[in-house]
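Here the structure comes first, spelled out in structure tokens, and everything after it is commentary.
Taken together, the values in this text are just the output of simple stated rules run on the coordinates, not laboratory data. This structure is a prediction, so every number in the text was calculated from the model and none was measured. In this analysis, Cβ positions are derived from the backbone assuming ideal geometry, glycine residues included, and neighbour counts consider all displayed protein chains.
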Ligand code: ARG
């Protein structure tokens, strides 16, 4: 809050002197001297004026321009300013009440385009809890970037191509039964996939058959393409169920298969630029001593993950003209994205710095990676349903006469899972503990929803006049602390955008809710004195606005009751 004023003062004074001086606006060495200190020596030097004249002019100009100055004095060439905290706080609270959900908006990204690649499940497999992180983080980053003025384009780059499809097709042809699969496609296909892996352990030729089957897809053999289409369609249904629950959506579902016919030009360009080398029948690009080469073509002519990603990258650059592209993909793929950047740089392109791999850690259970293959099959859809059930149980306990219990339980359960993820810095591994995430107390999504609901119930059917408030209350530490936090909202959002880290917003909201709950325990909000009551209501409303908007940026619903 004071930082913003410092910046404004610096700008104002520099403009006042036609940008011929450059000033530093700092904090006084001793806080007794005030909140802001401005050394005027650069002005003396540039303008060849005597000290008293400069001090006088600067003081007068500042006082005229900044109404929130309470006291201004000088010690030699240092001008010291005490800020009127009451006025400042009042400005923050009334700004939030006026702007509503537009509060915190930033122009960081004005006119710029960011493409986000997230979720991107491999659809011949069951949608795993591993892809949950990408979906949740990516969705939040989209909302955060929008809040900062970026245009966004959200792509679900489905893993709908590659040898795993060959495996599915082989399994389907050997052991599949069309009628049975049609009844319960997702489960039946998962079973087929698991069976393939089991049988391939005993019978490794199956792997060759799978590669051959995928090759036939790539070459466009109708029988294989039809099967591919069927499998893709059916497994996409499972993902869509999950997206519906989470309420996330995409601007495009162009997955890897979409690029099947767009790779040749890339390979040709690599060839022309002399970057493609033969290696045991395969084609690779050497990337230097610090990185393994990129395998571009298999010896059987088949393409690879990186080949498709390169084609996708060039397509997106020319189609969406992004200023930045975010790949929300697990840390395990760090090398893959480094290789992509190196390849395009070797090709002579200069946009590698626009490419950002937004990596994230694993979900662990008892310290071990959660897995979707053989054995510990964890289905994300089931996990989400369980979270919703657990939320419902708590609602039954705490507020059993609530209307729309199911709807609210869904929003609380999903909030629990999403916030349980987003409060952690994305690069860390997370020990998955559903029970803790769903609690209404502690560092949870439901706790934040509950804090917002608490304010809603205080304000229910109340009105207040923001022009009749008691500004002296803002001098009390528990008031001022809240105002300070509220005023930081925008800079927290910008930091989250710059670092692609929604956790900054999540942590901020926890801090805000904690301060509010402390405030609530110290202060009777609906008090006798009218001006004090108006102040409390206006502050509480501002807090709720910021809590709700912050939750929205994480992809989480706020509630009026729970
Ligand atoms: N489908 C991939 C996987 O699950 C993730 C794709 C990420 N996006 C990308 N452009 N490579 O591993």
Using alpha-carbon coordinates, inclination of helix 129-147 to the longest axis of the chain, degrees: 40
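Evaluate the relative contact order of the chain (contact order divided by residue number), counting alpha-carbon pairs under 8 angstrom at least 6 apart; express in whole percent.
Averaging sequence separation for qualifying contacts and normalising by length gives 16 percent for the chain.
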If I fit a long axis through the Cα atoms of helix 85-99 and take the longest principal axis of the Cα atoms of the chain, what angle between them do I get, 0 to 90°, rounded to 10? 40
What is the helix-to-structure angle for 405-422, meaning the angle in degrees between its Cα long axis and the longest Cα principal axis of the chain, kept from 0 to 90 and rounded to the nearest 10? 90
Which distance in nm do the two modelled labels at residue 514 and residue 319 give, with both placed 7 Å along the Cα-to-Cβ direction? 4.5
Please state the relative contact order of the range 252-312 as a whole percent: Cα pairs under 8 Å, 6+ residues apart? 31
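By count of other Cβ within 10 Å, fewest leading, how are 163, 345, 307 ordered?
Values: 163 18, 345 14, 307 23.
With the sparsest Cβ surroundings first, the list reads 345, 163, 307.
Rounded to the nearest 500, what is the 222 nm mean residue ellipticity of the chain from helices alone, with -39500 (n - 2.57) per DSSP H run of 4+ residues and division by all residues? Before the final figure, lay out the partial values.
Working: 21 runs with 307 residues, N = 562.
Per the formula, -18000 deg cm²/dmol.
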Percent relative contact order of the range 443-550, based on C-alpha pairs within less than 8 angstrom and at least six residues apart? 44
In whole Å, what is the distance between the alpha-carbon centres of the range 33-64 and the range 261-328? 60
Would you calculate the separation in nanometres between label points at residue 366 and residue 60, each defined as 7 Å from the Cα along the Cα-to-beta-carbon direction? 7.9
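Which percent, nearest 5, of DSSP beta bridges in the chain are antiparallel? Can you show the working numbers first?
Working: 22 of 39 bridges.
Antiparallel bridges make up about 55 percent of those DSSP assigns within the chain.
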Antiparallel DSSP bridges in the range 232-359: what percent, to the nearest 5? 65
Where a label projected 7 Å from the Cα of residue 108 along Cα→Cβ would reach, residues of the range 426-465 with amide N under 16 Å: 426
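Return the Rg/Rh ratio of the chain with Cα-based radii and a Kirkwood Rh.
Radius of gyration over Kirkwood radius for the chain works out to 1.07.
Want the number for residue 260 to residue 289: 0.36 nm per residue separation, take away the alpha-carbon distance, what's left? Present the calculation step by step, with values, prior to reporting the outcome.
Working: separation 29, 0.36 × 29 = 10.44 nm, distance 3.05 nm.
This chain segment gains 7.4 nm when fully extended.
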Stretch gain in nm, segment residue 345-residue 436, where the contour uses 0.36 nm per residue and the Cα spacing is subtracted: 28.2 nm
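Would you mind calculating the gained length between residue 463 and residue 16 on full extension (0.36 nm times residue separation, minus the Cα-Cα distance), in nm to one decimal? Please report the intermediate quantities before stating the final value.
Details: separation 447, 0.36 × 447 = 160.92 nm, distance 4.32 nm.
Additional length available on full extension: 156.6 nm.
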